[in-house]
Structures are given as C-alpha cells and as structure tokens.
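Below: the structure, in structure tokens.
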2 protein chains.
Amino acid sequence: MKYSELYKNTLLNDVIPFWQKHSIDTENGGYFTCLDIKGQVYDKDKFIWLQGRQAWTFSMLYNKVDNNKNWLEIAKSGVDFIRQHGMDKDGNFYFSTTENGKPLIQPYNIFSDCFAAMAFSQYSKATEDEEIKSLAKQTYYNILKKKDAPKGHYEKQTNTRPLKGFALPMILSNLVLELEDVLDPIEVQRTIDYSVHEVMEVFLQKELGIIYEFVTPDGKLEDSFNGRLLNPGHGIEAMWFMIDIGVRNKNKDLVKKATQVILNILEYSWDEQHGGIFYFIDAKGKPMQQLEWDQKLWWVHLESLVALAKAYEHTQDEKTWEWYQKVHKYAWSHFSDPENGEWLGYLNRQGKPLSTLKGGKWKGCFHVPRAMYQCWKSLEQIERFQITKKVK
Amino acid sequence: MKYSELYKNTLLNDVIPFWQKHSIDTENGGYFTCLDIKGQVYDKDKFIWLQGRQAWTFSMLYNKVDNNKNWLEIAKSGVDFIRQHGMDKDGNFYFSTTENGKPLIQPYNIFSDCFAAMAFSQYSKATEDEEIKSLAKQTYYNILKKKDAPKGHYEKQTNTRPLKGFALPMILSNLVLELEDVLDPIEVQRTIDYSVHEVMEVFLQKELGIIYEFVTPDGKLEDSFNGRLLNPGHGIEAMWFMIDIGVRNKNKDLVKKATQVILNILEYSWDEQHGGIFYFIDAKGKPMQQLEWDQKLWWVHLESLVALAKAYEHTQDEKTWEWYQKVHKYAWSHFSDPENGEWLGYLNRQGKPLSTLKGGKWKGCFHVPRAMYQCWKSLEQIERFQITKKVK
C-alpha cells in the first residue's frame, strides 16, 4: 500500500470511527475523552481543550475531506457544549467540567481558550454561522489580551527571574492561520510576524539550531531547570507551523530554515538505544525534574511525521525522507493498534505501553487524526514527484 | 554486620557526610539540594521545604544522636536562611528562592510551612532559643488557619465536586508530635485526635483496609481520577506516624490496626513482576493520568522500612518481619550508592536509574537520614528481643 493510502485509510476507517463510536455523549452533548484501549469510557469528566480539539477535528474533516452531515453534527455537539458550559462570564475557558457541564477546574490554562477559538473558527467555516464566527474572533482577542500573563492570579512565579514560554507563540502561529477567515488581514499579518519572530529569532538557539522551551523576557538563555528544558515535540511541531507560513507567504528561506531545525532537533533527541524521540531533555545534560523525560509519546512522533512530510514535500531534501521513514517505522510499530482502533499514547523508554488508554485528560481526538490528514495530503504530493523522478 | 549497625553506619559515615560535604552554601547560608550522583551542585535554586527538612535533620541529629557543634551550625544556617528569606509578610513560606534568597515561587504549598515549623521546633529544642520557639508555634497556628484552603487563591478546583487530600492530616499527625514541647498539651491532644480520626476513620477505606489519597468532604469515595488515586508511600508513612502516636498514648489497638494497614498496602502495591512498590495506583485499575505511576521512588521504600521496623518492634508480628526483609533487600540493592554516598531517588519500573540525581527539587537531606535513624533505633530493640527469643 502507498504511504498516502495508509494514512488516509487509517484516518477514515480506524481513527475517526473509533471516536464516532465511543466518544459521543448523546445525553449531555460534547465528548467523553477518557477511553480505554477498546474505547470503553472509564471517566466522564470533560476537559475543555479536548472538547475544542475534537470539535475542531470534525469541523476540519467536514470542510476539507467530505461534507458528511454526521461529522458536522458531532462538531456541533462539542461547539454547543463549550459555548454553554465551557466559558466563564469573562469569556475565559474552564480547564474541565463534569459530564453535564458544571465547572470543575478554573480557567487557568490559556490553551483551553486556543482550542475553543480553533473549534469556533472551523465550525463557522462549515456552517457560516455568524454568531460562532464572532465568538471565535472574541476568543482570539481575549487570548491576545492575556498573552503576557496567561495564568492570571494562578501564576505562582514571582517577578524575580521571569521566563517566557514557547508554547503560546508557537500555538499563535498556527491559530492565526486557522482564524484567517475570521480576522482582519492586517491582524493576521501582525500575529504571523510576531510569532515567526518569537519562534525563529527568540526561542531558536542559533548555535545548536534547536528550540528552547523557556527564555528570559529579553530572549536570553537561563541556566535553571526551566531555562535548560528542551521539549523536542514542541519544537518540531512548531516547525511545521513555520513551513505552513513559509508556503503561504512564498518564503522559501523560512521553509528551509524550519527544515534544518527539524533535523537538528531529531538528531538531538532520538534515543539511539531504544529508538523513538525523548519527551524532555536538559540542554546541559543535567538531572531533570520531569520524571517522564525518557518516555515516548504519541503526539511527539506524529508531529514529527507531519513536520518531516511537509519538509520533504517542499524541499525534497533527501535527509528529511530518510528521517521520515525512520520515525514512520518506529511510530507505526509501537503506537498503532489496528485491532482496537486509535493509537496508544504513552510508552516507556523501551517502547512498551505505560498506559493503554486511548484518551484521557491530555489525549483526545486531535493529534492522531490531524497528523493522518496532514501526512496523507503531503504524501500524495510526495508520491507524485517521486514517480516523476523515477520516470526521469 | 547487624542490621542496626548497617543503618547507623550508613547514616553517620555515608549519608550525613555527603550532605555536609556537598550541600552547604557558605556564602548565602542555607543548602544546595540539587546535587548530582557525586554530590556536585548542578543548580542553586533553594526549595524552602528542603531547606526546612535539612535544618530539621541536623537539629534532630544534634538532639538525639550527638551534641555535635558542627551539626548545630549547619542547622542554624538553614534556620536563618528560612527566617530571613523563606517567609512572606503574612508568615507564609515561599516554595522556592534564588540562592541568595529572592523569592522565585509564591507560597502556594503548605508543606513548605510544615517543614519550616518542624525545623524551628527541633532547632529551638537544641538551642532553647525562645524566638525560634515562638516562630515554630506561630507557623503551626498559621498552618491550622489555612488547613481547609491550603492553596489560597492558587487553588484551581471549583466547589462543584470538592475533594480533601490525605497529605495534610497525615503531616499534622507527625508535626504535632514534633511540636509537643512548643504547644499547649490540650492543643497537642486536639490535633492528635483530629489527625488520627482523619487518617484511620476517614481516609482509611474499611473494606480493603487501605488509604485513599482523596475523599469527599464528608468522607465518601468518589469515582474520579483523584478519587480513585492511591499513593502507597503516603499511606505507609502515615502508618508509622500512627504507631508513634499509639506508643505515646499506650494505644495498642491503634498500633495493631496501623500494622495491618501497612501489610494491606504492601500486598496491594508490590510489583510482583519487577519488585519494588509502585508510586501510584488507580484503585479500580483504570488508566492513570500520572505518567510516573510505575516508577520506584526512594522515599516510598524508606518509609516502608521505617513503618515495618516500628510495626515489628511493637507487635512482633512475624509477617511484618518477612516484609521488612523483602523491602530491605530491594531497597539496598537498588537505591544505595556506597561509592558516592546517599541514595539514588528515581528508578524505572525495572529498577534501573531514571535519574542519577542525589538531590533536586523534591529530594533533599531528609528521607534517607530520617529513615536510617528510625530504623537503626527500632532495629536495636528488635535485635534485643530476637536474641532473647533465641536464648529461650
């Protein structure tokens, strides 16, 4: 089977049916995301960012793959749940609620807001619902308003030695393209410029050519636990956001630079002993506080596949294709579970399952289907020019 | 070598010299706790609860083992650092500061306060310093004042489905004995009664005979991530606090009940496949959100050794002695590091080091020396009656 077909088939005949069959809360709306290896619901709490992510996924599939009414209905169920139960009176999004929407964890996490905005935007594209569209816009501006102090009064860090995190500028670089139809073009360009600058000039460390997870407010490295932290999956994911922006803006240099960073991070974070990409690394090789540092996580590997596929599609750099095949081989032989559907999420360093959950507090219907879709589309392009090459 | 001598020698000739040699900050006062396998400082941030714990350890050794001036000086250095830099204006304790005492992380964690109070109390016992004694008392009452909302405005849980945690009543049951010389006897009795009730009547689940980490405010079990969480090390540690109280109050029934709970928890949490005690368990066997659930941690095994030694000392129940030897064998062959000093902290499920740190953000000069001391003393008693038995 061609790679593109493998990704397409897995998306349409394995992953999406898994979530359709097991995650829909027909009583309260929204989705159950705590699903065991077979898809059985083991907990009913609703994590708002996973609600947003799943509503986005089904809206995106409706918009890009097939105008399937059933998919749109599923998306609607999540969008309605988030609108009705996910927001506080100031337009901030709770981290979690009970199955019927009573707030459990306060809005301390701005990524709940980010994925709500993405869901609203994709859904309004599908339905041309002006109210949802304006909710997307409103949520986006609320995120920008909070961006320098995203945790509000839940922030425990003092101002003695502040650090800024990579996650928000990284998400913004993707969010702004997602919201392109909702926002004013000037605003889109402003946020693209801001996030590309932050990602490629501030968090990208020039000498090593890799991304740091935290830097000082003026962009310097700091020799502290957080200052030394590398999150390879984050860095690589951000690079495919950069490639998307590079392609949009016809900025070949950005695509090339991002491709090199992907390769740098992979060289740096591949586990030569057991295979797979480490979850966290200390840049100076010092002992880490993250006890899960050596684990192999599904999203890290899927984001790497998307990044490598896009990099190869747009640069035809053979090294990216070699890496693609290496990561593909590891990921499909360790995470995929065709017998039960969806992918496993968490492996130990040796590649054995640490948990057999298919969904939980942090894993939902998002990374697997998004990566399957993105790889499918990139691989179609790749297979086209690979054939051309062979013919030549 | 007799067991008691092994523990005594390791305390006095390995563990304490390790911290004396590597952790003292002669410039700013207080202690470096981020030490690598050989004791080299890899980070200089100061975590207030580890400052409190080390000041307590050296004060306790001075009070109970030897009136060594050097130990008292080391204790003073930590006590002074905490007083000068660890407290905010309301008497709450920061989570961490820079090496020279500038606040880094706000006082969101009440356990910083608990270990400061313990340090103040032990140190004032050594020096008869009335000011420190009253600081111990003041800190204790501040803890009680905050006990129903320990995180203050950093609490992210709503009131929809509140849970109360086991950690605080558990710590209180030990803290109150530590502060016995500082507090009014009526207050001591009140807190003993409160904490014994919470631990043995509320958090102890009757049917299984094990401790749950969270229950509802009216003491019921809840079927949620936190409601299903078991923390075997916590449960076992609390049981030796109960035995201490039982011995103090000549309450044989409490000692016997606590002994049974230790055995129950060990049966429940021992890893039959690779040996060692799991870090976390889901009571219903559902997938867990704690990615570190299967790891083997130094303190869990040391607290188990203390608990089993005390249980055997006071009940002479042979089953506790069998378990003692099993845990002893695992712990000494996996965590101890006589070549470099101190114990390793974090092993993977298979028992291989996940990190080679000797100290960090959560591991300092506390569990190893405290357990060495407690086991040494209990084992001396045990060896006495074991000889008597043999002679008979």
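If I filter the stretch A:282-304 for residues that are over 22 Å from B:E292 (Cβ atoms), among the charged types (D, E, K, R), more than 12 Å from chain B (Cβ to nearest Cβ) and free of Cβ contacts under 8 Å to residues at least 12 places away in the same chain, do I get at least one hit?
No - not one qualifying residue is present in the stretch A:282-304.
For the condition within 14 Å of chain B (Cβ to nearest Cβ) and either in a strand (DSSP E or B) or within 22 Å of A:I211 (Cβ to Cβ) (or both), what is the one hit in A:P107, A:P150?
Result of the check over A:P107, A:P150: A:P150.
Working only within the stretch A:249-271, note down all residues that are open to solvent by 10 Å² or more (accessible area, probe 1.4 Å) and not in a helix (DSSP H, G or I).
Result: A:N249, A:K250, A:N251, A:W270.
Would you be able to say whether some residue in the stretch B:178-199 is closer than 19 Å to A:L104 by Cβ and basic (K, R)?
Scanning the stretch B:178-199 turns up no residue that is closer than 19 Å to A:L104 by Cβ and basic (K, R).
Could you tell me whether any residue of the stretch A:346-362 is open to solvent by less than 10 Å² (accessible area, probe 1.4 Å) and either away from every other protein chain (no Cβ under 14 Å) or free of Cβ contacts under 8 Å to residues at least 60 places away in the same chain (or both)?
no
Can you pull out the residues in the stretch A:194-221 that are touching a strand residue (DSSP E or B) at 6+ places or on another chain (Cβ under 8 Å), assigned to a helix (DSSP H, G or I) and open to solvent by 20 Å² or more (accessible area, probe 1.4 Å)?
A:V202, the sole residue that qualifies.
Only residues that are free of Cβ contacts under 8 Å to residues at least 12 places away in the same chain and either of a type in the set (S, T, N, Q) or in contact with a strand residue (DSSP E or B) (Cβ under 7 Å, 6 or more places away or on another chain) (or both): list them for the stretch A:80-135, please.
Once the filter is applied, which keeps residues that are free of Cβ contacts under 8 Å to residues at least 12 places away in the same chain and either of a type in the set (S, T, N, Q) or in contact with a strand residue (DSSP E or B) (Cβ under 7 Å, 6 or more places away or on another chain) (or both), the stretch A:80-135 yields A:I105, A:S134.
Out of curiosity, is A:Y62 in a strand (DSSP E or B) and open to solvent by 10 Å² or more (accessible area, probe 1.4 Å)?
In short, no.
Out of A:S4, A:S59, which single residue is in contact (Cβ under 8 Å) with a residue 40 or more places away in the chain, farther than 30 Å from A:L354 by Cβ and in contact with a Leu (Cβ under 7 Å, 6 or more places away or on another chain)?
Only one candidate qualifies: A:S4.
Pick from A:I236, A:I243, A:I210: which is of a type in the set (A, V, I, L, M), more than 14 Å from chain B (Cβ to nearest Cβ) and in contact with a Phe, Trp or Tyr (Cβ under 6 Å, 6 or more places away or on another chain)?
A:I210
Only residues that are out of contact with any Phe, Trp or Tyr (no Cβ under 6 Å at 6 or more places or on another chain) and either part of a loop (DSSP other than H, G, I, E, B) or more than 28 Å from A:T98 (Cβ to Cβ) (or both): list them for the stretch B:153-169, please.
B:E155, B:T158, B:N159, B:T160, B:R161, B:P162
Before we move on, is A:S224 open to solvent by less than 10 Å² (accessible area, probe 1.4 Å), outside any helix (DSSP H, G or I) and either within 30 Å of A:A55 (Cβ to Cβ) or among the small types (G, A, S) (or both)?
yes
Any idea which of B:W56, B:W49, B:W19 is within 19 Å of the chain's Cα centre (by Cα) and either closer than 25 Å to A:N159 by Cβ or surrounded by fewer than 18 Cβ atoms within 10 Å (Cβ to Cβ) (or both)?
It is B:W49.
Specify the residue that is surrounded by the fewest Cβ atoms within 10 Å (Cβ to Cβ); the eligible residues are those in the stretch B:321-340 that are under 20 Å from the mean Cα position of the chain (by Cα) and among the small types (G, A, S).
The selected residue is B:S336.
So, B:G246, is that one touching a strand residue (DSSP E or B) at 6+ places or on another chain (Cβ under 8 Å), open to solvent by less than 20 Å² (accessible area, probe 1.4 Å) and not hydrophobic (A, V, I, L, M, F, W, C) or not?
Against the criterion (touching a strand residue (DSSP E or B) at 6+ places or on another chain (Cβ under 8 Å), open to solvent by less than 20 Å² (accessible area, probe 1.4 Å) and not hydrophobic (A, V, I, L, M, F, W, C)), B:G246 does not qualify.
For the stretch B:112-136, enumerate the residues that are within 19 Å of the chain's Cα centre (by Cα) and more than 14 Å from chain A (Cβ to nearest Cβ).
Result: B:D113, B:C114, B:F115, B:A116, B:A117, B:M118, B:A119, B:F120, B:S121, B:Q122, B:Y123, B:A136.
Being of a type outside the set (S, T, Y), farther than 18 Å from B:N340 by Cβ and surrounded by fewer than 18 Cβ atoms within 10 Å (Cβ to Cβ) is the requirement here; does B:K8 meet it?
no
Could you list, in sequence order, all residues of the stretch B:66-94 that are part of a loop (DSSP other than H, G, I, E, B) and either more than 10 Å from chain A (Cβ to nearest Cβ) or surrounded by fewer than 23 Cβ atoms within 10 Å (Cβ to Cβ) (or both)?
B:D66, B:N67, B:N68, B:D88, B:K89, B:D90, B:G91, B:N92
Looking only at residues that are away from chain B (no Cβ under 14 Å) and either within 16 Å of the chain's Cα centre (by Cα) or assigned to a loop (DSSP other than H, G, I, E, B) (or both) in the stretch A:22-46, which one is surrounded by the most Cβ atoms within 10 Å (Cβ to Cβ)?
Ranking the qualifying residues of the stretch A:22-46, first place goes to A:G30.
Report whether or not B:F241 is buried (at least 19 other Cβ atoms within 10 Å of the Cβ) and over 30 Å from B:R370 (Cα atoms).
no
The values are calculated or read from the model by the stated rules, or taken from the named source; none is laboratory data. Since the structure is predicted, the reported quantities are computational estimates derived from the model, not experimental observations. No Cβ is skipped: glycine too gets one built from the backbone with ideal geometry, and neighbour counts run over all protein chains shown. Accessible surface is based on the protein model in full, side chains and every heavy atom, while ligands, DNA and RNA are left aside. Shrake-Rupley method; radii C 1.70, N 1.55, O 1.52, S 1.80 Å.
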